[in-house]
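Report on one structure; see the data block that follows.
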Amino acid sequence: MLLPLFIFPYTIQAQSSIRGALKGVVTDKEGQAVAGTIVQLEPDLHQVQTDDKGNFLFKNIIAGNYTLKTSHLAYHPFRTQVKIEATKQVSLSVQLEKNETSLETVVVKSTYHNADNFIDMTRTAMPSTVITRKEIEMMGSRRLDEVLKEQTGLAIINDIGSGNRAVGLQMQGFDSGYTMIMIDGQPMVGRNNGNFDLSRITVSNIERIEIIKGASSCLFGSEALAGVINIVTRKIITQPQAMAALRYGSFNMVDATLEGETPFADKKASAYLSANYYHTDGFNSNPYLDQGKTAPPFYSYALQGRGRYLLTENSTLNINGRLMTRHSENKYAYNGLSSNLDELNEYDFNGSVSLNNDFTNGTKLKTQYYLTRYKTDQNITDLANGTVIPGSTFDQYLHRAEIQAIHKIGQQLNLTGGMGGAYELLENTSYRGSKSMDNYFVYAQADWQTSERFSVVAGARFDFHNQYGSKINPSIGLQYQPLRNLTAKFAVGTGFKTPNFQQLYLVFTNVQSGYTALGAAEFWREITILKDAGLITSIFPIANQIGSLKPERSVSYSCKIDYAPIKSVKLDVNFFYNDMRNFINNEPVAVKTNGQQIWSYLNIAKAYTTGAELNIKWSAAKAITISAGYQLLYAIDRGVLDSIRNNTGLYGMVYDKEINRTRRSTVKDYFGMTNRSRHMANIKISYNHEKTGISGAFRVNYRSKYGFMEDNRANNFLDPWDTYVNSFFLLNLSIQKTFYNKHLQLQLTADNLMDYRDQLMPAQPGRTILAGISWRFYKN
């Protein structure tokens with residue numbers, strides 16, 4: 001499919017010696033050299049900085065017409081057209097005009113330019129971090145979940161009650177339903193009981209991963225209650241090139257990637273195309289499973305493309321598309337019972353078209369339409385008699401239109417804002433007909449450098465939901481730098497999350513076990529039908545609280561300190577506190593005549609998560625870097641604590657196995673919320689020797705014990721005698737070696753070296769060994 005793109009680089013290069021050079025000097029009106037000026041060539045985004053004499057040089061530039069731009073905080077921007085001629089070196093003199101409003105002492109900010117999203121993730125109020133492409137490659141990871149589970153403050157969790165494919169991401173103690181997953185600044189859909197399966201996403205074409213921790217609804221809306229994971233794909237295309245990669249290893253795992261990119265139309269346009277195939281036989285972590293896998297086998301295809309065309313000097317059209325299909329078949333049997341076949345097909349599509357305008361007054365405008373669709377078909381067959389148990393279909397659409405703008409006022413103030421609307425449609429066999437929601441929003445953020453040492457980032461977002469009315473979510477972050485090597489950041493942000501389709505409209509009965517789950521909006525109608533049919537034994541008093549669900553709210557507080565005691569050591573510590581209100585819990589509310597329970601959803605819980613994150617990075621030598629991270633977490637349900645302290649309600653008593661009787665519960669009996677570890681840590685030793693082309697990383701990840709389920713004469717909270725997942729270590733190793741001027745790379749990856757497995761962690765594979773080879777096609 002990509003063969004033309006592999007050949008195309010050499011075809012272009014063979015047409016002629018098409019490369020030239022551009023040298024120049026930058027001065028002010030008095031003829032004095034201006035050092036430190038950023039000089040950029042568009043549309044390729046080649047970039048250099050002037051030396052102490054104001055000189056700059058671009059080498060090996062493909063012949064053609066370019067726009068040269070300069071950037072310096074003390075001078076007005078300069079723009080001109082230049083023509084690079086083949087085999088020649090063009091000379092240019094640039095004279096800049098002093099910006100009288102500039103600061104005498106300037107502060108250079110680290111930013112990540114993203115044409116798909118003007119919001120700079122590193123300059124939001126909440127703490128943020130960036131995982132680079134180089135870090136991903138050195139880890140040897142194949143899927144997104146493998147990358148994120150090794151990051152401080154993040155954990156991959158297994159929601160076994162929702163099926164063996166319900167694997168999600170936990171951030172600072174929040175369940176996965178509260179973290180927004182985005183690709184190139186746009187939200188992705190398709191969750192299983194709130195869990196977004198990150199293994200759907202290959203990392204083969206990811207340029208970087210941006211992470212915001214803390215309530216971020218002020219910019220991103222609902223689902224960003226806990227934070228945001230933004231996947232940024234490859235964009236900047238400077239020359240024709242391509243890559244082919246293949247990895248194979250344990251569990252018959254195959255990961256094959258082809259990608260190619262090239263500029264064309266006299267550098268006005270570019271195209272990128274990537275294709276990935278992934279296969280695994282799955283793995284089993286449950287000794288009681290006679291047949292089948294706890295992580296089902298599957299194969300998937302992913303195709304991603306993007307195109308860019310420069311319509312005018314200041315206008316660019318961008319088109320992006322991603323398509324993923326996945327097929328899974330899992331034959332399983334427990335304790336000698338007959339075998340079943342669980343078959344699942346998934347389809348995931350994301351597409352967008354945007355127009356970017358760069359005005360001469362410093363304003364940038366982006367107009368974009370985005371569409372995403374996620375669909376599944378699932379069936380379960382009893383292999384003993386061929387009976388097909390009624391399966392489910394899930395089809396979700398999201399249409400989103402948005403206008404985003406950014407404007408710079410002087411050198412101190414950056415303004416970012418946007419407005420738009422989203423329409424969401426869901427069809428599911430577990431719902432009564434199609435369901436839809438729509439939302440309209442306006443947001444703005446100001447980034448103000450008030451002085452050399454102090455800056456403020458403040459923002460707010462107004463959302464209008466067709467079912468839940470309007471919400472305003474503000475945030476503010478302050479940054480103070482008392483010393484050159486010490487920076488303190490303080491932030492407060494609010495978040496909200498509207499009830500999802502499942503919590504509102506689900507009508508589902510498990511045909512195997514017989515329990516029933518009802519969404520709050522459907523509860524009283526469905527419970528009346530069951531009661532009239534004589535299928536209800538009793539209804540609990542708590543059912544009277546079921547009604548219109550309220551949106552969940554949170555307020556996040558954080559204090560982050562960055563300190564570099566010496567040049568080779570960087571240290572940061574982040575203290576956080578997240579206060580949550582109107583938490584939506586699923587509760588047992590009735591009993592059926594078959595002895596099984598009926599579950600529904602209601603706002604009852606108040607909870608908080610608090611703790612600290614510590615990261616340290618030491619450049620031990622030129623080629624060796626050692627880093628470590630640690631998180632301390634307390635995740636507490638306030639309702640449980642109040643009940644224990646008052647000796648009332650559901651949590652007032654506990655069965656003490658040490659004395660073999662029920663007694664009054666105490667605060668010490670309460671461990672916290674399930675699936676949350678009190679301690680998590682990681683250590684990474686990285687080696688990167690540029691001269692020999694050898695690099696690698698040895699990583700150790702630790703997670704302390706965490707509560708799995710209530711298993712002690714049900715008192716509805718985690719006490720010392722319930723079921724826990726024991727603490728564990730995971731050891732991972734990856735080694736790479738490049739040859740032939742970085743054209744060829746060989747890689748060996750070994751994950752989970754100690755072969756740790758636990759039946760309560762069905763998505764954790766045993767020891768995994770993979771070997772890989774890749775070849776990059778480009779002109780030296």
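Elements of the type strands (runs of 3 or more DSSP E) sitting completely within region 682-763 and holding at least 2 residues that are of a type in the set (Ser, Thr, Tyr) and assigned by TED's automatic domain parsing to the domain that holds Arg663: these cover 694-703, 723-725, 728-739.
Taking the criterion of being within 15 Å of Ile206 (Cα to Cα) and either in the same structural domain as Ile211 (by TED's automatic domain parsing) or among the aromatic types (Phe, Trp, Tyr) (or both), the only residue of region 236-272 that qualifies is Tyr272. Residues satisfying the criterion are present in region 214-221 (criterion: at pLDDT 80 or above, closer than 30 Å to Ser727 by Cα and surrounded by 23 or more Cβ atoms within 10 Å (Cβ to Cβ)). Checking each residue in region 431-454 for being over 28 Å from the mean Cα position of the chain (by Cα), over 21 Å from Pro474 (Cβ atoms) and surrounded by 15 or more Cβ atoms within 10 Å (Cβ to Cβ) picks out Tyr431, Arg453. Across region 598-631, the qualifying residues are those that are touching a residue at least 12 places away in the same chain (Cβ under 8 Å) and not in a strand (DSSP E or B), and the one among them that is farthest from Ile542 (Cα to Cα) is Ala623. Scanning region 116-147 for residues that are more than 17 Å from Leu169 (Cα to Cα), basic (Lys, Arg) and either surrounded by 21 or more Cβ atoms within 10 Å (Cβ to Cβ) or modelled with pLDDT of 80 or more (or both) returns Arg133, Lys134.
Residues that are under 30 Å from Phe462 (Cβ atoms) and either assigned by TED's automatic domain parsing to the domain that holds Asn582 or modelled with pLDDT of 90 or more (or both) do occur in region 189-210, at least one of them. Among the residues of region 717-757, those that are within 30 Å of Val640 (Cβ to Cβ), surrounded by 14 or more Cβ atoms within 10 Å (Cβ to Cβ) and at pLDDT below 95 comprise Phe717, Leu718, Asp719, Pro720, Trp721, Asp722, Tyr724, Val725.
Leu41 falls short on exactly one of the conditions (1) out of contact with any Pro (no Cβ under 6 Å at 6 or more places or on another chain); (2) within 27 Å of Thr312 (Cα to Cα); (3) modelled with pLDDT under 75, and that condition is (3).
For every residue, the table says whether it meets (1) in a loop (DSSP other than H, G, I, E, B); (2) outside the structural domain of Lys268 (by TED's automatic domain parsing); (3) touching a Leu at 6+ places or on another chain (Cβ under 9 Å); (4) in contact (Cβ under 8 Å) with a residue 60 or more places away in the chain.
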{"site": "Ala35", "(1), (2), (3), (4)": "yes, yes, no, no"}
{"site": "Val39", "(1), (2), (3), (4)": "no, yes, yes, no"}
{"site": "Gln47", "(1), (2), (3), (4)": "no, yes, yes, no"}
{"site": "Phe58", "(1), (2), (3), (4)": "no, yes, yes, no"}
{"site": "Leu68", "(1), (2), (3), (4)": "no, yes, yes, no"}
{"site": "Ser71", "(1), (2), (3), (4)": "no, yes, no, no"}
{"site": "Phe78", "(1), (2), (3), (4)": "no, yes, yes, no"}
{"site": "Thr87", "(1), (2), (3), (4)": "yes, yes, no, yes"}
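Taken together, the residues in region 276-319 that are surrounded by 15 or more Cβ atoms within 10 Å (Cβ to Cβ), in a strand (DSSP E or B) and small (Gly, Ala, Ser) amount to 5. Could you tell me whether Arg703 is within 22 Å of Thr625 (Cβ to Cβ), of a type in the set (Lys, Arg) and buried (at least 17 other Cβ atoms within 10 Å of the Cβ)? In short, no. Per this entry, Ile659 is counted among residues that are of a type in the set (Val, Ile, Thr), free of Cβ contacts under 8 Å to residues at least 40 places away in the same chain and not in a strand (DSSP E or B).
The values are calculated or read from the model by the stated rules, or taken from the named source; none is laboratory data. Note that this is a predicted model, so its numbers are computed, not measured. Methodologically, a virtual Cβ is constructed for each residue, glycine included, from the backbone with ideal geometry; neighbour enumeration extends over all protein chains shown.
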